[in-house]
Each structure stands twice: as C-alpha cells, then as structure tokens.
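Please read the structure below before turning to the comments.
Nothing in this text is a laboratory measurement; each read-out follows from the coordinates by a stated rule. What you see is a predicted model; the values in this text were computed from it and never measured. FYI the Cβ positions are ideal-geometry reconstructions off the backbone, even for glycines, and counts take in every protein chain you see.
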Amino acid sequence: MTAHPDRQAVGTLLRHVLELLDGDVAKVYEEQGLAEYRPRFSPAVRALLADGPLSIGDLAAAIGVTHSAASQTAAQMARAGVVAHTPDPRDARRRLLTLTPKAHALLPLIHAEWAATAAAMTELDAELTTPLAQVLTELAEALCRRPFRDRIAAAAARPDGAAGTDNSGTR
C-alpha cells in the first residue's frame with residue numbers, strides 16, 4: 001500500500017500525484033520500447049510538431065514552462081536523440097530545436113501512447129468528483145489572478161493568528 005502525503009501539504013500532494021502519473025506513463029513507454037522517452041518530452045514534441053523548429057524561449061512559451069525548465073527538457077531530449085540544436089537561419093546567435101529522424105520514426109508509437117493516455121485519463125476522471133484537468137486549470141487561473149505569495153502574505157498579516165500556524169500547504 002502506498003503512503004499518502006498529508007492533505008494539508010498541497011505541494012507534496014501535487015508532486016506525489018505527478019510522480020504516480022508520470023511514473024506509470026514512463027513504465028508504459030519503457031514497455032513499448034521507448035525507454036529513453038520521458039513523459040515530460042511530450043509537450044515539447046507536440047509544440048515542435050505544431051510549430052516547427054523553436055528556440056528554447058519560444059518552446060518555453062509554447063508549453064507554459066520557464067526558460068530553465070524548457071532548457072533542461074531540451075537537453076534531456078537531445079541526450080535521448082529526440083531533438084537536435086540547429087542554427088537559426090535568420091539569426092546565427094540563436095539555436096533552434098528540431099525533431100530528429102529518430103523522433104519522427106518513433107511518432108507512431110508516441111501518438112498511440114498519447115491516445116491511450118488520454119483515454120485512461122478520461123476513465124480516471126470518471127472516478128473523480130471533478131475532472132483533474134478542470135481543477136488544475138481553475139487552480140492555475142486563480143494563482144494567475146492572485147499569486148500564492150500574496151495569499152501567504154495576507155494570511156500572515158491577519159490578526160486571527162493564521163500567521164502562527166503551519167498550514168502553508170507547501171511542505
């Protein structure tokens with residue numbers, strides 16, 4: 001039986017759920033003969049398929065992550081032989097990410113896994129009171145409207161003693 005994180009430790013709980021989901025998707029990739037392919041590659045592959053060669057900055061914007069996160073993912077993808085860095089023909093100072101022939105050869109397997117994962121997520125959502133993507137989208141939108149740091153500062157400033165408790169949910 002898997003231990004469950006403290007429900008008040010929301011950050012820990014989110015990481016735990018992500019580990020459960022990504023871990024099983026990674027196992028499926030491995031079983032399909034795609035041991036070098038990681039779940040975190042999929043958003044980048046989708047963006048590169050849709051928009052062609054992209055700089056790290058453009059990739060980060062396309063998939064909604066920081067430049068650093070996109071750079072780390074691109075480095076892992078390059079080590080796995082899924083992307084290559086090529087000079088930008090319009091600006092020699094910039095490098096673009098392109099999918100390699102190896103990536104293109106793997107696309108039928110990757111597309112099949114994406115479809116199976118989407119179907120499995122639909123099945124999982126049916127077991128939940130609210131679909132996971134809906135909750136996460138609402139959460140992201142709420143945090144864009146008012147960042148968590150602002151919420152923490154407001155809670156700490158309240159005279160009701162909220163600042164003295166450890167209910168930050170980010171442990």
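Estimated at 0.36 nm per residue, the fully extended path between Ser71 and Arg95 surpasses their Cα-Cα distance by 7.5 nm.
Exposure proxy shown here: for Val83, Val10, Val135, the number of other Cβ atoms within 10 Å sets the order, fewest to most, as Val135, Val10, Val83. Taking 13 Å as the cut-off, the amide N atoms of the stretch 124-140 that come nearer than this to a point 7 Å along the Cα-to-beta-carbon line of Val28 belong to 124-125.
Can you classify the stretch 10-127 as rounded, prolate or oblate using the Cα gyration tensor, where a ≥ b ≥ c are the square roots of its eigenvalues, rounded means a/c under 1.5, and otherwise it's prolate if a/b beats b/c and oblate if not? Since a/c reaches 1.5 and a/b is larger than b/c, the shape of the stretch 10-127 is classed as prolate. For the stretch 10-116, trypsin sites (Lys or Arg not before Pro) meeting the loop criterion (DSSP other than H, G, I, E, B) and having at most 15 other Cβ atoms within 10 Å: Arg90.
Charge tally around Glu31: other residues with Cβ under 14 Å, Lys/Arg +1 each, Asp/Glu -1 each, net -3. A simple count of charges around Arg46, restricted to other residues whose Cβ falls under 15 Å of its Cβ and scoring Lys, Arg +1 and Asp, Glu -1, yields -1.
The Ala133 and Glu36 beta-carbon pair, evaluated with R₀ = 22 Å, returns a calculated FRET efficiency of approximately 0.20. Summing charges over all other residues whose Cβ lies under 14 Å from the Cβ of Ala142, with Lys and Arg as +1 and Asp and Glu as -1, gives +1. Across the chain, the relative contact order, built from alpha-carbon pairs under 8 Å that are at least six residues apart, equals 23 percent.
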